[in-house]
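Everything below concerns the one structure shown next.
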Amino acid sequence: MIGVASGAAVAMGDRYRELNERDLPEQVDRQGATFTENTIVHQTLDALPDSYIAVNHRLQVVFANQSFASITQRDRESLYGERFGEIVGCVNADVGPNGCGTSQACRVCGVSGSILESLDGRAVVREATLTLNSGRSVDLRVHARLMEGTPEPTVLLSITDIQHEQRRRVLERTFFHDVLNTASGVQSLVGTLPLVDSHELSELLEVLGTATSQLVEEIESHRTLIDAESGDLTVEQLVIDADSLVDDVVGFYRSHDVARKKYIVIESDAQGLETEFTSDPTLVRRVLGNLIKNALEATEPGMTVTVRVIKRDDTVEFWVHNDEVIPEGMQFQIFQRSFSTKGRGRGTGTYSVRLFTELYLGGRASFTSSRDDGTRFSVMFPRTAESPLIESGATPRT
């Protein structure tokens, strides 16, 4: 009889080390026989609308119901022996020494973590966000149970797509937080208008104009992200002067609230190459603006954020650097939609950077962070739409 089992606790580190090995195909077939040969179990799981998979203690799929197989658009038998991240195309699936589950990023994955935790006999419910090779993120709710009556440890997973729920939650929290902060500042400035002398009025109106521009920028930024996630975003291919764009974006953020008592420095590129490249100026501004804003938010008063343009023959690269260090555990999640170092439900800044750069602009987004060198985010764009960078990365939508 199949049911929930109990077991002795095993150190999670030991369980992750076990993932460096895989069971052979004949072992996988034997482990899945409980599901494939039991007509009642097989038909019951196939009749359920939700996705179910059974995995062994090495995270390999030994059974998948029809709902899960339909989502993957593969024959279910072809899934057996693979791990979840490999099936869905997780960006970290090929990073570790033995695929999904073996990279450092996998230690914070809600899917692999829920499976390994459930091996102690506890029912585990976790939410997980996976960034895919396509540049998009998927949000899942995973229920994991260790089954009894199976010849070898087998975990049954129920996988629910909560992408729309999570997207709405994150976007709403971020939107209302950012917009209300800026709108409150505008409201305060308007409230002081009757109190200022006539010779101070022009200065206050200038500050008010800047704050109003920031409010419009926040609203436009969120609208662009929603269009990008829904696939409705259209990319324009226009000639952009990289140096002028940096000057404009840095000038905007120097007067932003997040830059108060902080400094932004532009480092010149002495290579003397052409400064123009072809891309969508609105999206590139969004990307660079998000990087600068994030760096400023992470920077202590009195410290400096450095922006640099690196011009090469085929690419233009923008660097944004600050002296703070992102904790190692956070680094593995930095481009996920729902993750943010600023708190739960605030994770759209770096996520939108990768989404715009790689899925729509044919570029690449990356970062490094260490105690010695601080944190540097980098976005690289092809000079032209025909650049080899696009062929090896994402293709922009036109």
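Couplings 3J(HN,Hα) of segment 69-75, computed from phi: 4, 5, 5, 7, 6, 9, 5 Hz, in residue order, whole Hz [Karplus 6.51 cos²θ - 1.76 cosθ + 1.60, θ = phi - 60°; x for Gly and Pro].
Here the Kirkwood formula puts the hydrodynamic radius of segment 38-133 at 14.0 Å, using every distinct Cα pair. Remark: segment 1-142 carries 46 Å² of accessible area per residue (probe radius 1.4 Å; ligands, DNA and RNA excluded). The share of accessible area on segment 223-277 that comes from carbon and sulfur is 46 percent, using a 1.4 angstrom probe. Taking all protein chains as they are arranged and a probe of 1.4 Å, the heavy atoms of ASP248 leave approximately 90 Å² accessible to solvent. Which aspartates and glutamates have a Cα lying under 17 Å from the Cα of LYS293, excluding residues fewer than 8 positions away in the same chain? Counting by Cα, and skipping residues close in sequence, LYS293 has these aspartates and glutamates nearby: ASP178, GLU217, GLU218, GLU220, ASP247, ASP248, ASP257, ASP323, GLU324.
With a 1.4 Å probe rolled over the protein heavy atoms of all chains, the accessible area of THR210, THR182 falls in the order THR210, THR182, largest first. Of the solvent-accessible surface of segment 1-128, computed with a 1.4 Å probe over protein heavy atoms with every protein chain present, carbon and sulfur atoms account for 51 percent. Measuring only protein heavy atoms, the 1.4 Å probe finds ARG122 accessible over about 120 Å².
Can you list which of the GluC sites (Glu not before Pro) found in segment 1-101 are DSSP loop residues with at most 16 other C-beta atoms within 10 Å?
Those satisfying the criteria are GLU21, GLU37.
The values are calculated or read from the model by the stated rules, or taken from the named source; none is laboratory data. What you are looking at is a predicted structure, and each value in this text was computed from that prediction instead of being measured. Neighbour counts run over all protein chains shown; Cβ positions are idealised from the backbone, glycine included. To get the accessible areas, we keep the full protein, side chains included, count just its heavy atoms, and leave off ligands, DNA and RNA. Shrake-Rupley method; radii C 1.70, N 1.55, O 1.52, S 1.80 Å.
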